[in-house]
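Read through the structure below, which is laid out as structure tokens, and then see the notes.
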Amino acid sequence: LIQGASSPQEVLQVSRGPALSSNLAALAIARLARLTSEQHLDTESIRGDPRFQQLLDTVDAQISQVWHTPLVQLLRSLAALGLARSGRQVRSVEQEVLWRLRRLPLRQLVQLAEHLAGQGHDSLLLPEVLRKLELRWTELDGTRTVVTLMAKVGHLSPALMERLEDKALELAEQFDPDELRQVALALALQQRRCVPLLRALSYHLLQKPAELPLPVVTDLLFAYSKLNFQQPQVLHRLSLELQPQLGALSPTQVSRCARSFAGLRWLSRPLAEAIAQYCLDNTQNLSVTQLCGILVSFARLNFQPSSSEEFFSMIHEQLQGQEQQLDTHLLTDVVWSLCVLQQVRPPHLRHMLSPEFHSRLQGDTSPRAQSSWLKLLHINATARLEAQGYQGPFLPPEALTENRDKSKDKDKATPLQRGLREALPGALGGDDLARFDVSTVYGWDIDAEVVLDSDNKPLPVKDFAAPHLSHSDGTKPLPAGARRVAVLRWEFPQFSSRGRELLGRGSMACRHLRAAGFLLLEVS
């Protein structure tokens with residue numbers, strides 16, 4: 001009768017029958033909770049019904065006789081029906097569950113953990129459930145259980161999450177695409193960069209022959225970006241599968257995908273072209289913030305669309321009059337991106353380099369402000385070195401060294417930096433023939449600076465005036481035919497000269513230093 005009831009009233013009518021056991025009363029309450037949820041009914045009228053109170057009293061009187069499964073269902077049902085956790089009935093059920101934890105099957109423990117974690121309240125029961133799961137993790141079997149625990153409970157217990165990662169690594173071959181997505185998302189949202197598991201997920205993802213569902217593609221891309229895990233074959237497949245489905249994405253999703261690829265330093269030109277065309281086709285649906293996110297992503301990848309003139313005309317049109325509405329840091333990112341892509345216009349430079357604007361960032365020591373100030377130095381360098389006919393304003397000289405870290409920690413130098421410092425003086429023939437860790441007024445740091453005469457012989461670098469420095473010890477002009485050489489170091493995974501050019505920041509650094517009269521020597 002209880003299981004066949006199709007309305008709460010039918011269930012409540014059963015409760016009036018004679019000799020209703022506590023186990024059946026628990027099943028009736030669970031059925032009530034399910035029906036009210038399915039039919040979207042008001043729970044207050046049920047809680048006030050005397051027949052419901054009779055069910056609660058029956059359970060409370062003989063709670064020790066309720067079987068395991070109905071007991072766990074009862075705890076979840078009482079919360080669904082809106083009973084206060086501090087009430088006597090709920091506390092009684094929680095206490096009974098606590099006493100039985102050691103005897104509960106693992107499946108019930110998983111259900112309990114999922115329920116208690118979703119409630120979000122501070123329960124004495126939840127830590128005990130997590131402790132039991134930590135002790136019994138070897139009993140876990142089945143991909144769904146592992147995925148559920150990782151996604152909903154793992155963040156509450158780092159020790160349990162470590163065990164779950166080991167179990168997921170063992171079961172990775174059995175995950176379907178959606179389970180691969182959930183595991184990757186769980187790792188990303190908890191900032192757990194478990195490389196062996198990520199490699200296993202990547203391998204088994206590539207073995208899936210069928211086309212991946214769109215939510216799987218976008219969520220995996222987000223997870224890999226969040227964890228900064230670059231797996232070329234996976235990213236290649238994701239970009240191939242995303243491109244033909246781009247039109248089905250919302251503007252928010254397209255912007256997020258662009259930011260994810262930029263964060264991973266991965267450029268798929270066909271996909272980037274498709275994103276640019278999406279922007280042109282859906283300009284009215286894209287917010288200014290979303291357009292800015294896509295523009296910044298293109299700049300980080302140093303990508304110029306084939307429809308460059310049309311794309312940037314649209315960008316300038318959408319940005320017109322938005323300077324006062326955009327956040328200071330976002331506006332800095334946008335103009336910096338236009339500088340990277342060589343699409344900045346004088347009005348942008350005048351606004352960014354005006355005292356009214358840069359005074360907003362002065363004195364702010366937060367990491368975001370430090371990053372924005374450095375970009376402002378790059379914008380100032382663009383105005384001085386690349387913007388023909390631009391007359392000002394510029395940043396004042398005293399501002400060019402503000403917020404720059406002057407203390408170079410040699411203990412944190414990379415092996416390539418240490419090798420450069422050791423080898424270069426010996427190769428040149430003296431310690432005074434090179435200057436290391438040079439912070440220029442253009443916002444770029446040079447690993448080493450050398451001055452060569454017309455015969456390519458090194459000269460004492462500190463003897464000569466250095467307009468690229470805020471303060472120069474030397475006063476002599478460079479001899480005729482002499483040149484400055486800047487040694488730039490590039491260190492990141494899978495380095496190539498093409499890879500460096502894909503980084504908009506690196507491309508702009510090389511342009512600025514060449515415009516300032518440097519020859520570049522790049523080491524990697």
Item checked: Ellipticity estimate at 222 nm from DSSP helix runs (n ≥ 4, -39,500 (n - 2.57)) divided over the chain, nearest 500 -> -17000 deg cm²/dmol
Next item on the list: Whenever you get a sec, compute what percent of the accessible area on region 415-522 sits on carbon and sulfur atoms (1.4 Å probe).
Entry: 53
Check: Looking at the square roots a ≥ b ≥ c of the eigenvalues of the Cα gyration tensor of region 137-203, which shape do they give, rounded for a/c under 1.5, prolate if a/b is larger than b/c, or oblate?
Finding: rounded
Next item on the list: Just the number, please: carbon plus sulfur as a percent of the accessible area of region 1-103, 1.4 Å probe, no ligands or DNA/RNA counted.
Entry: 50
Check: What do you get for Rg/Rh of region 321-407 when both radii come from the Cα atoms and Rh is the Kirkwood radius?
Finding: 0.93
Item checked: Segments 356-368, 213-225 sorted - mean Cβ within 10 Å per residue, highest first -> 213-225, 356-368
Next item on the list: Give the accessible area for residue 523 in Å² (nearest 10); use a 1.4 Å probe, count only protein heavy atoms, and leave out ligands, DNA and RNA.
Entry: 40
Next item on the list: Taking every pair of alpha-carbon atoms in region 304-370, give the share separated by more than 14 Å as a whole percent.
Entry: 62
Checklist line | region 135-267: radius of gyration over Cα atoms, expressed as a fraction of 2.2 N^0.38 Å | finding: 1.04
Next item on the list: Would you please give the residues with an amide H less than 5 Å from that of residue 437, counting only those at least 5 places away or on a separate chain, with H modeled from the backbone geometry?
Entry: 448
Check: Of 12, 185, which has the most accessible area and how do the rest follow, probe 1.4 Å?
Finding: 185, 12
Next item on the list: Enter the accessible area of residue 336 (Å², nearest 10), with the probe set to 1.4 Å and all protein chains included.
Entry: 10
Margin query: For a test of the definition: using alpha carbon positions, the gyration tensor, and the 1.5 limit on a/c, classify region 1-85 as rounded, prolate or oblate.
Written below: rounded
Note to self: Keeping every protein chain present and rolling a 1.4 Å probe, give me the accessible area per residue for region 415-522 in Å².
What the structure shows: 49
Check: How much accessible surface does residue 137 have with a 1.4 Å probe, in Å² rounded to 10?
Finding: 60
Next item on the list: Return the percentage of antiparallel bridges among DSSP beta bridges fully within the chain, rounded to the nearest 5 %.
Entry: 60
Checklist line | Cα radius of gyration and Dmax for region 415-522 (Å) | finding: 14.1, 42
Notebook entry, point to check: If you roll a 1.4 Å probe over region 200-249 with all protein chains in place, what percent of the accessible area is carbon or sulfur?
Noted result: 55
Note to self: How much of the pair distance distribution for region 31-148 lies past 23 Å, counting alpha-carbon pairs only, in percent?
What the structure shows: 33
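The values are calculated or read from the model by the stated rules, or taken from the named source; none is laboratory data. Worth saying up front: this structure is predicted, and the values here are computed from it rather than measured. Please note: Cβ atoms are built from the backbone with ideal geometry, for glycine as well, and neighbour counts cover all protein chains shown. Areas reflect the complete protein model, heavy atoms only, side chains present, ligands, DNA and RNA absent. Shrake-Rupley method; radii C 1.70, N 1.55, O 1.52, S 1.80 Å.
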